[in-house]
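The values are calculated or read from the model by the stated rules, or taken from the named source; none is laboratory data. Not measured: the values here are computed from a predicted model. Because the Cβ atoms are built from the backbone with ideal geometry, glycine has one as well, and the counts that use them run over all protein chains shown.
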Amino acid sequence: MSAEESKAPKPEKDKKPANAFFMYTKSVRDSVKSQNPTLNNREITKKISEDWKALPEPEKKVFQDEFEAQSAEYRRTHPKTNEKKAPKLKKSSEPKQPIKKRPANK
(Lines give C-alpha, C1' and ligand atoms only; values in the text may rest on other atoms or scores of the structure.)
Protein backbone atom coordinates (compact mmCIF):
# COMPACT_ATOMS: atom_id res chain seq x y z
CA MET A 1 0.00 0.00 0.00
CA SER A 2 1.52 3.34 -1.03
CA ALA A 3 1.41 6.57 0.96
CA GLU A 4 -1.18 8.03 -1.41
CA GLU A 5 -3.51 5.06 -0.96
CA SER A 6 -3.30 5.13 2.85
CA LYS A 7 -4.38 8.77 3.06
CA ALA A 8 -8.12 8.95 2.84
CA PRO A 9 -9.49 12.32 1.74
CA LYS A 10 -10.91 14.34 4.60
CA PRO A 11 -14.60 15.11 4.38
CA GLU A 12 -15.23 18.74 3.53
CA LYS A 13 -16.46 20.82 6.43
CA ASP A 14 -19.05 23.52 6.00
CA LYS A 15 -17.31 26.85 6.23
CA LYS A 16 -18.60 29.67 8.36
CA PRO A 17 -20.00 32.55 6.33
CA ALA A 18 -17.59 35.25 5.24
CA ASN A 19 -17.95 38.60 6.98
CA ALA A 20 -19.40 41.66 5.23
CA PHE A 21 -16.00 42.97 4.14
CA PHE A 22 -15.05 39.66 2.51
CA MET A 23 -18.38 39.55 0.70
CA TYR A 24 -17.72 43.07 -0.60
CA THR A 25 -14.18 42.06 -1.58
CA LYS A 26 -15.46 39.08 -3.53
CA SER A 27 -17.93 41.24 -5.42
CA VAL A 28 -15.45 43.97 -6.44
CA ARG A 29 -12.05 42.24 -6.71
CA ASP A 30 -12.31 41.43 -10.41
CA SER A 31 -13.34 44.97 -11.37
CA VAL A 32 -10.59 46.55 -9.24
CA LYS A 33 -8.06 44.14 -10.74
CA SER A 34 -9.15 44.95 -14.32
CA GLN A 35 -9.06 48.71 -13.63
CA ASN A 36 -5.59 48.43 -12.05
CA PRO A 37 -3.71 45.68 -13.94
CA THR A 38 -0.30 46.71 -12.57
CA LEU A 39 -1.24 46.23 -8.90
CA ASN A 40 -0.25 43.06 -7.08
CA ASN A 41 -2.69 41.21 -4.78
CA ARG A 42 -1.57 43.06 -1.66
CA GLU A 43 -2.10 46.45 -3.31
CA ILE A 44 -5.47 45.35 -4.70
CA THR A 45 -6.60 44.32 -1.21
CA LYS A 46 -5.37 47.62 0.19
CA LYS A 47 -7.34 49.52 -2.47
CA ILE A 48 -10.48 47.48 -1.75
CA SER A 49 -10.05 48.17 1.97
CA GLU A 50 -9.81 51.90 1.35
CA ASP A 51 -12.92 51.73 -0.85
CA TRP A 52 -14.77 49.79 1.88
CA LYS A 53 -13.91 52.42 4.49
CA ALA A 54 -15.20 55.16 2.17
CA LEU A 55 -18.38 53.25 1.29
CA PRO A 56 -21.57 54.91 2.61
CA GLU A 57 -23.37 53.04 5.40
CA PRO A 58 -26.46 52.18 3.28
CA GLU A 59 -24.24 50.39 0.76
CA LYS A 60 -22.31 48.59 3.52
CA LYS A 61 -25.61 47.54 5.08
CA VAL A 62 -26.42 45.40 2.03
CA PHE A 63 -23.34 43.25 2.73
CA GLN A 64 -23.86 43.33 6.50
CA ASP A 65 -27.47 42.14 6.10
CA GLU A 66 -26.35 39.33 3.81
CA PHE A 67 -23.73 38.31 6.39
CA GLU A 68 -26.36 38.30 9.17
CA ALA A 69 -28.68 36.15 7.06
CA GLN A 70 -25.93 33.64 6.26
CA SER A 71 -24.79 33.61 9.90
CA ALA A 72 -28.31 32.89 11.11
CA GLU A 73 -28.61 30.03 8.62
CA TYR A 74 -25.22 28.63 9.69
CA ARG A 75 -26.18 28.80 13.39
CA ARG A 76 -29.48 27.07 12.57
CA THR A 77 -27.80 24.23 10.68
CA HIS A 78 -24.80 23.92 13.03
CA PRO A 79 -26.18 24.38 16.57
CA LYS A 80 -23.30 22.64 18.35
CA THR A 81 -20.68 25.04 17.00
CA ASN A 82 -22.12 27.80 19.17
CA GLU A 83 -21.94 25.92 22.45
CA LYS A 84 -19.05 26.87 24.68
CA LYS A 85 -17.17 23.94 26.09
CA ALA A 86 -16.27 23.85 29.75
CA PRO A 87 -12.53 23.85 30.36
CA LYS A 88 -11.07 20.44 31.06
CA LEU A 89 -9.63 19.96 34.51
CA LYS A 90 -6.51 17.92 35.08
CA LYS A 91 -7.21 14.79 37.04
CA SER A 92 -4.59 13.67 39.48
CA SER A 93 -4.43 10.09 40.69
CA GLU A 94 -3.12 11.19 44.08
CA PRO A 95 -4.55 13.84 46.39
CA LYS A 96 -2.40 16.94 46.78
CA GLN A 97 -0.15 16.94 49.81
CA PRO A 98 0.39 20.13 51.78
CA ILE A 99 3.81 21.71 51.34
CA LYS A 100 6.02 21.11 54.35
CA LYS A 101 7.99 24.09 55.53
CA ARG A 102 11.65 23.60 56.24
CA PRO A 103 13.01 24.79 59.55
CA ALA A 104 14.89 28.06 59.30
CA ASN A 105 18.70 27.82 59.57
CA LYS A 106 20.04 29.57 62.66
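Considering (1) at pLDDT below 95; (2) under 17 Å from the mean Cα position of the chain (by Cα); (3) not charged (D, E, K, R), say which one Ala8 fails and leave the rest.
(2)
Find all pairs meeting these conditions: Cβ atoms under 9 angstrom apart; at least six residues apart or on different chains; first residue within the range 21-45 and basic (Lys, Arg); second residue part of a helix (DSSP H, G or I) and surrounded by 12 or more Cβ atoms within 10 Å (Cβ to Cβ).
Pairs that qualify, where the first residue is basic (Lys, Arg) and the partner is part of a helix (DSSP H, G or I) and surrounded by 12 or more Cβ atoms within 10 Å (Cβ to Cβ), are Arg29/Ile44; Arg29/Thr45; Arg29/Ile48; Lys33/Ile44.
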